[in-house]
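Here is the structure we will look at.
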Amino acid sequence: MNIEFIIDGKLIRAHKGQSILKAALLNGIDIPHLCYHEKLSATGACRLCIVKVNGMYKASCTEPVAEGIDVVTYDEELSMMRKELLEMLLAEGDHNCLYCHSNGNCELQNYCYQYNVEPPAKDLPKNIREVDLTSSQGIKRDENKCILCGRCVKACAEIQVNFVWDFAGRGSHAHLTSDMYEKIGDSSCIQCGTCVQLCPTGALSFQTVLGRGMNWELKKESSICIYCGVGCKIDFYTNKEGKLVKAMGNDEGPNKGHLCVKGRFGFDFVQSNKRLTTPLIKKNGKFEKATWDEALDLVASKFGEIKEKSSPDALMAFASAKCTNEENYLMQKFMRSVIGTNNIDHCARL
Ligand code: FES
């Protein structure tokens, strides 16, 4: 903390090289921003973070702190400029919140509300782009809601290191491209969903939630991913019917908010109607419903037979990532202590 400077009359200490925006946020001073995200390098694209530094206009996300500078983050002029910037962002695309899946969960919407921004004139010329609704099983892309902030581009490059997203075209024709393909499904996207999690508008959204719940109706519960040993923390969202519809990485886990495709989308089995709800025993080549007692007695007697006839090592068990940690622990305990073999494995290893 070797730099001292003033923000809105308050003395702030910051590290050399830190941006004014980062120093402000760390000190509880909120400067509006859209293209900046704490997990990504600064872009300086949206200009919403504009402040006055010794009376000069600067983008606070790219402007480093300096000894003794005097920063103003809010005044009438800055508010007017931010309002105009938001109006321009809205004018470029098609931001009808009524039909937007991010309604109620959109940073652009929040700022437009905060700055009392009116909808743009209806007759403004627009480059309407086709919505990619179906090419990807996990992600919907609606570029008409894209503000070219570049967060998805950087999320893919800097967090997932997959480099799928980029910009193509120039000026008002600038748009997102995935590996130079129009459709995400044609690209090398691995469906980690990090770009969607960091998108500040409705340009990218998760297929799992579409039509299944308004953002303000969803309930959040935190849990740990079951799939591998990292122990990623996940926020699961359920809709009014109690169905799981969305998984978001939680910043407090070792994953620091990031998820892979399994953690992000691998929860559909929980509410699959293909799940077995009663034990089945094969009789005359056909599965028939049985009670738990019947099923357990049969398995126990068969295991006993095999163990006696051959040896405990004639048996093996294969545990599942779709079970809880405790269930997997019990499975290995059962094989080692009850059956007497170390033949136990787990699908997460494969
Ligand atoms: Fe600084 Fe977008 S947040 S330019």
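The numbers here are math on the coordinates, done by the rules we state, and not lab data. This is a predicted model, so every value here is computed, not measured. Quick reminder, even Gly has a Cβ in these numbers, built from the backbone with ideal geometry, and neighbours come from all protein chains shown.
For the reader, a short list of remarks on this structure follows.
- Relative to the longest principal axis of the Cα atoms of the chain, helix 292-309 runs at roughly 70 degrees.
- Length-normalised contact order of the stretch 184-261 in % [C-alpha pairs under 8 Å, at least 6 apart]: 27 percent
- Lys pairs, the stretch 7-71 - Cα-Cα below 18 angstrom, 8 or more residues apart or on other chains: 6
- Stretching K243 away from N96 to a fully extended chain increases their span by 50.2 nm, per 0.36 nm per residue minus the current alpha-carbon distance.
- Residues in the stretch 62-80 reached by a label modelled at E4 [backbone nitrogen below 12 Å; 7 Å Cα→Cβ]: 67-69
- Given charges at Cβ of Lys, Arg, Asp, Glu: the chain dipole, positive-most of N2, A317, C97: A317
- Other residues with beta-carbon under 14 Å from the beta-carbon of K219 carry, at +1 per Lys or Arg and -1 per Asp or Glu, a net charge of +1.
- R170-T324 pseudo-label distance in nm [points 7 Å out on the Cα-to-Cβ vector]: 6.0 nm
- M88 paired with L298, simple spin-label distance in nm, labels 7 Å along Cα-to-beta-carbon: 7.1 nm
- Fewest-first ranking of D251, D123, using other Cβ atoms within 10 Å as the exposure measure: D123, D251
- Take the Cα of E77, step 7 Å toward its Cβ, do the same at E308, and the gap between the two points is 9.3 nm.
- Extended-chain gain in nm, criterion 0.36 nm per residue less alpha-carbon gap, D268 and N54: 71.6 nm
- Here the convex hull built on the C-alpha positions of the chain has a volume of 191 cubic angstrom per residue.
- Here's how it looks for C232: its modeled amide H is under 5 Å from those of C225, which are all 5 or more places away or on a different chain.
- Placing unit charges on the Cβ atoms only, positive for Lys and Arg and negative for Asp and Glu, gives the chain a dipole magnitude near 1120 debye about its Cα centre.
- Neighbour-limited loop hits for GluC sites (Glu not before Pro), the stretch 1-69 (at most 13 other Cβ within 10 Å; DSSP other than H, G, I, E, B): E38, E67
- Checked against a 31 Å cut-off, the cross-linked pairs K240/K322; K289/K309; K154/K219; K83/K240; K122/K220; K262/K286 give Cα-Cα distances beyond that limit for K83/K240; K122/K220; K262/K286.
- Positive end of the dipole of the chain (Cβ unit charges, origin at the Cα centre): among A45, I128, L330, the Cα lying farthest that way belongs to L330.
- Summing +1 for each Lys or Arg and -1 for each Asp or Glu among the other residues whose beta-carbon sits under 15 angstrom from that of K243 gives +2.
- Principal-axis analysis of the Cα atoms of the chain puts helix 76-92 at an angle of about 60° to the longest axis.
- Long-range HN-HN contacts of I344 with modeled amide H, under 5 Å: A317
- With contacts taken as Cα pairs under 8 Å and at least 6 residues apart, the chain reaches a relative contact order of 10 percent.
- Here's how it looks for N105: its modeled amide H is under 5 Å from none belonging to a residue 5 or more places away or on a different chain.
- Nearest-0.05 FRET efficiency for C228 and D123, computed from C-beta distance (R0 45 Å): 0.25
- Exposure proxy ranking, count of Cβ atoms within 10 Å, fewest first, for I12, I190: I190, I12
- Most fluctuating residue given options K22, K322, K333, as computed from a GNM of the chain linking Cα atoms under 10 Å: K333
- Antiparallel content of DSSP bridges confined to the chain, in %, to 5: 90 percent
- Proxy reagent accessibility, fewest Cβ within 10 Å first, across K39, K274: K274, K39
- Relative contact order of the stretch 1-72, defined on C-alpha pairs under 8 angstrom at six or more residues apart (%): 39 percent
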